[in-house]
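Worksheet for the structure shown next.
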Amino acid sequence: MSGLAESMMEHSIHRKFIKNMEECAIIKESKTKWHFTVENEKITEEKCMNRQKRRIISILLAMMLCVPVFSACSDTTVQENPADAPNAEAQSAENPENAAAAEAEEEPDIYANLPAGDYGGGDFSMLQYEETSAATSTICVEELNGEAVNDAIFTRTQNVNERLNVNIVFTKTGLSDVNSIMSSSIVAGDDLHQVFWQHSTNTVTNFLTKGYLMQLDGIQGFDFENPWWNKNAMESLKLNEKTYMAFGDINYYLFDFQSIIICNMPMITDYNMQDPYTLVDEGTWTIDAFLGMVEGAAQDINGDGQLGTAEDVIGFTGFKTATELAFLHASDVSLFSRDADNKIVYDGVSEKYFEVLSRYSAVFGDKNYAEHNGDYLGRFRQGLTLFTGCSVGELSTMREVEFDYSVLPYPKYDEKQEGYISFITNQMQPMVIPITVQDTARAGVVLENLCGESHKVVRDKYFEVLLESKYVRDQKAIDTLHMLYGSDGRFEIAHVYGWNQLENDVTAALTGAADTFISSMEKKEKALVKVMDRTMQALAE
């Protein structure tokens with residue numbers, strides 16, 4: 001700093017000091033009492049003097065800190081045009097982290113509009129059917145146990161209890177017990193359980209068609225547009241434009257019962273077959289590609305000159321009236337559609353439907369290549385099957401398998417078909433509310449909060465822990481599962497609603513009896529339409 005600048009600075013400080021001293025003298029001479037409210041203490045003349053000294057010291061320190069700045073700027077041209085300064089947008093562009101943070105701050109809080117309430121600590125009772133097959137999900141748990149998903153579910157429930165001042169009570173029991181408990185309480189008019197979950201077919205047969213379930217549309221608290229509800233699944237099972245069955249993140253059985261194909265990857269290498277993941281990525285994972293590999297996998301392992309024995313390798317295993325129905329839906333064919341009024345109608349057997357059915361029937365009906373309803377999972381674990389159809393939940397039985405396996409969608413009809421279609425078996429459990437519930441608004445608010453909190457707290461744990469850490473072993477499998485969960489899921493609607501046991505005719509044709517399927521359906525069409533109409537009429541009343 002130049003001598004002139006230093007002299008001017010000292011002169012300025014001296015003047016401020018004199019001015020402050022004069023101010024204090026004036027206060028003294030006028031004998032005026034004045035106060036500063038600092039922790040309610042009275043400031044005396046001495047404190048006034050000390051305060052002025054501190055101010056002078058602060059000024060001196062500030063001036064000293066400015067010396068390097070003045071020195072650094074002495075040889076630099078000062079930017080006078082504020083327009084030349086970098087604006088906030090440019091800074092964000094230069095720093096992606098800042099841009100991401102700014103964008104995150106602007107995202108709306110999807111949980112902000114969850115309905116509120118205070119229910120005085122009263123019980124809210126829920127009942128669930130305990131699935132006996134391989135599945136991972138449950139609505140509630142009783143305590144923390146250190147397992148990520150379990151603890152997330154427990155935390156979810158406690159959060160809702162505290163937010164709504166409610167006591168959520170949960171019971172899990174067998175399929176038949178749910179039927180008897182709920183039927184008895186509904187007939188008696190008792191508000192015993194405010195919501196329950198049951199196998200879909202049992203839900204329809206024992207409750208829906210008897211008028212025991214409440215229509216969910218319009219119940220206060222519900223907003224099925226929220227991301228924690230599976231709107232597509234709910235829309236696909238609507239009858240007469242009414243929603244009776246809901247699916248959402250409160251219960252992950254819908255994910256557990258998505259249908260997939262698992263593939264023995266060492267066999268792919270040994271038989272010099274093309275990597276199925278490559279076929280999926282290229283859009284060439286089709287009926288022809290799949291069936292060609294099924295036939296090519298058959299091997300006479302025990303040397304008896306025959307194929308298809310218990311010790312031999314075969315191309316495919318599965319369960320007929322569950323995941324094998326996925327082969328038809330994956331080819332984008334169905335016996336049903338919706339009319340202009342969104343009413344479900346029976347279309348009959350189309351040419352394409354019969355073609356798909358026949359192509360699978362020719363291979364699946366040959367025991368040299370396929371086996372159905374036996375120990376299909378056990379045979380795969382033993383390394384005796386190239387492909388096995390199963391649900392996502394059943395992957396939990398593969399944790400001890402030593403060889404690598406891939407997770408695949410069911411094959412498309414042909415390469416022109418745009419995407420892979422997910423199929424959900426009828427074992428999934430819809431959420432339903434009995435007509436005996438007295439406080440429907442409370443039910444809507446509690447369930448909306450449980451579903452929303454599940455989306456926030458539990459959902460990621462389900463995918464991260466159960467799928468990405470325990471069920472599958474490679475990123476391609478994880479990608480496949482996420483693709484399927486985001487696809488247009490399908491149900492075998494006749495199977496869910498129990499219409500004339502149609503699934504038995506379909507799976508019989510799929511596994512070898514395709515030749516008689518058209519004539520069989522022609523004979524049963526009137527009965528099928530009649531039972532469909534009966535379901536519609538029951539819900540119209």
Review point. In the stretch 269-284, which residue that is in contact (Cβ under 8 Å) with a residue 12 or more places away in the chain and hydrophobic (A, V, I, L, M, F, W, C) is least open to solvent (accessible area, probe 1.4 Å)?
Key: Val280
Check your understanding: Which of (1) in a helix (DSSP H, G or I); (2) more than 26 Å from the chain's Cα centre (by Cα) is the odd one out, the single condition His455 does not satisfy?
Key -> (2)
Practice item. Could you give me the residue pairs with C-beta distances under 6 Å whose first residue belongs to the stretch 225-242 and is over 19 Å from Val446 (Cα atoms), whose second residue is modelled with pLDDT under 90 and of a type in the set (S, T, N, Q) wherever it lies, and which are 6+ apart or on separate chains? Key: Glu241/Asn342
Exercise for review: Give the residues of the stretch 335-349 that are open to solvent by 50 Å² or more (accessible area, probe 1.4 Å) and either farther than 30 Å from Leu539 by Cα or of a type outside the set (A, V, I, L, M, F, W, C) (or both), sorted by residue number.
Suggested key: Arg338, Asp339, Asp341, Lys343, Asp347
Practice item. Search the stretch 289-332 for residues being acidic (Asp, Glu) and in contact with a helix residue (DSSP H, G or I) (Cβ under 8 Å, 6 or more places away or on another chain), and hand back the single one that is nearest to Gln417 (Cα to Cα). Key: Glu324
Revision key, fill the gap. Scanning the stretch 129-154 for residues that are hydroxyl-bearing (Ser, Thr, Tyr) and surrounded by 14 or more Cβ atoms within 10 Å (Cβ to Cβ), the one modelled with the highest pLDDT turns out to be Tyr129
**Study point:** Whichever residue in the stretch 255-267 is open to solvent by 10 Å² or more (accessible area, probe 1.4 Å) and of a type in the set (A, V, I, L, M, F, W, C) and, among such residues, is farthest from the chain's Cα centre (by Cα)
**Key:** Met267
Study note, to complete from the structure: Taking the stretch 363-375 and the residues there that are in a loop (DSSP other than H, G, I, E, B) and of a type in the set (Asp, Glu), the one that is most open to solvent (accessible area, probe 1.4 Å) would be Asp375
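Let's see how each residue does on (1) modelled with pLDDT under 95; (2) crowded, with 23+ Cβ neighbours inside 10 Å; (3) touching a helix residue (DSSP H, G or I) at 6+ places or on another chain (Cβ under 8 Å):
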| residue | (1), (2), (3) |
| --- | --- |
| Arg381 | no, no, yes |
| Cys390 | no, yes, yes |
| Met398 | yes, no, yes |
| Lys416 | no, no, no |
| Gln427 | yes, no, yes |
| Ala441 | no, no, no |
| Cys451 | no, yes, no |
Check your understanding: Within the stretch 158-170, can one find any residue that is polar (S, T, N, Q) and either closer than 18 Å to Gln429 by Cα or at pLDDT below 95 (or both)?
Key -> no
Study note, to complete from the structure: So, first residue in a loop (DSSP other than H, G, I, E, B) in the stretch 336-362, second residue hydroxyl-bearing (Ser, Thr, Tyr), Cβ within less than 8 Å, six or more apart or across chains; the pairs are Asp347/Ser334; Asp347/Ser337
Revision key, fill the gap. Reported set for the stretch 285-302 where residues are open to solvent by 60 Å² or more (accessible area, probe 1.4 Å) and either touching a strand residue (DSSP E or B) at 6+ places or on another chain (Cβ under 6 Å) or of a type outside the set (S, T, N, Q) (or both) is Asp288, Glu295, Gln299, Ile301
Point to revise | Residue that is modelled with the lowest pLDDT, among those in the stretch 190-210 that are open to solvent by 40 Å² or more (accessible area, probe 1.4 Å) and more than 18 Å from His495 (Cβ to Cβ) | key: Lys210
Check your understanding: For Asn232, are the conditions met, namely being closer than 19 Å to Ala330 by Cβ, surrounded by fewer than 20 Cβ atoms within 10 Å (Cβ to Cβ) and at pLDDT below 90?
Key -> yes
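The values are calculated or read from the model by the stated rules, or taken from the named source; none is laboratory data. Values in this document were obtained by computation on a predicted structure and should not be read as measured data. With ideal geometry, Cβ positions are generated from the backbone for all residues, glycine too; neighbour counts draw on all protein chains shown. Just so you know, the surface numbers come from the protein's heavy atoms only, side chains and all, with ligands and any DNA or RNA stripped out. Shrake-Rupley method; radii C 1.70, N 1.55, O 1.52, S 1.80 Å.
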